[in-house]
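J.: I'd like to ask you about the structure that follows.
None of the figures in this text is laboratory data; all of them are computed from the coordinates on show. Fair warning: this is a prediction, and the values are worked out from it, not measured in the lab. Glycine also receives a Cβ, built like all others from the backbone with ideal geometry; neighbour counts cover every protein chain displayed.
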Amino acid sequence: MQMSLSTRTLLLAALLAMLLSACGFHLRGQAAYTLPFKTLTLRSANEFSPLMLELKQAVQKQGVQIVDAPHPTQTDAPQLILHIASENIGKHILSLSGTGRVQEFQLNYRVLLRLYDTQQQDWIAPVEITLQRNLPYDDTQVLAKEAEEAMLYKEMRHDAVQQILRRLNRARAPEILPSSEISPAPAQPTPPAKP
């Protein structure tokens, strides 16, 4: 009994698919998290930046309600405040050719954030997320490289949002010890008396 080439290819593809699924492989997608809070305020210098819009949408998909910044008279104050202190992009020359032409750029994307409650207690201390990508450059394809650069920055922004979500998922309330559990400072030894 001989199998045709197309039948063998089909069987091989099915076997490969079964092996990949058996090892737990799956395509990367939007992860579902159970965030330890139900309401959140987002703060940033630019509330309508692409990062803030994507972050707001991602947090809402996790079942968290976004509320406006708390006011002293507000009764429905948020549980936590996520402050995006800065978002910076950068581009540096990574390599040059022998004739001094740029061959490769390094693209940088940095986000500085802090998560705290209404009593200013940190759930996530100030932390910087840094992402880098290399961009091969060819000055004969300027428009294509500009489009590729924009796409890489968009991917880095998406990766930053995913990293922020993972950090929010791990965030926990700061442990505050009751005053009865705080141990007093050790007593200073007394110097020996002089005879």
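J.: If you take the Cα atoms of region 85-126, find Rg, then find the Kirkwood Rh from the mean of 1/r over all pairs, what is Rg/Rh? Kindly include the intermediate steps, with their values, before the conclusion.
T.: On the way: Rg = 18.4 Å, Rh = 13.2 Å.
Answer for region 85-126: 1.39.
J.: Any idea what the dipole of region 39-128 comes to, in debye rounded to 20, about its Cα centre with Lys/Arg Cβ at +1 and Asp/Glu Cβ at -1?
T.: Values: 7 positive and 9 negative charges, 69 e Å.
Using only the charged Cβ atoms, the result is roughly 340 debye.
J.: Taking 26 Å as the cut-off for C-alpha to C-alpha distance, list the pairs among Lys61/Lys91; Lys61/Lys154; Lys91/Lys154 that go past it. Can you show the working numbers first?
T.: Values: Lys61/Lys91 32 Å; Lys61/Lys154 20 Å; Lys91/Lys154 14 Å.
Violating the 26 Å limit, Cα to Cα: Lys61/Lys91.
J.: Taking N as the number of residues in region 96-147, what is its alpha-carbon radius of gyration divided by 2.2 N^0.38 Å?
T.: Numbers: Rg = 19.0 Å, N = 52, 2.2 N^0.38 = 9.9 Å.
Here the answer is 1.92, to two decimals.
J.: Separate question: For region 86-94, just list the computed ³J(HN,Hα) in residue order, Karplus coefficients 6.51, -1.76 and 1.60, θ = phi - 60°, integers in Hz, with x standing in for Gly and Pro.
T.: Once θ is set to phi - 60°, the couplings for region 86-94 become 7, 9, 10, 10, x, 9, 10, 6, 9 Hz.
J.: Additional query: To the nearest whole percent, what portion of all C-alpha pairs in region 57-171 is separated by more than 21 angstrom? Provide the component values of the computation, followed by the final result.
T.: On the way: 3378 of 6555 pairs.
Counting every Cα pair in region 57-171, those more than 21 Å apart make up 52 percent.
J.: When ranked by the protection proxy of mean other Cβ atoms within 10 Å per residue, highest first, what sequence do the peptides 155-161, 58-64, 48-54 form?
T.: 155-161, 58-64, 48-54
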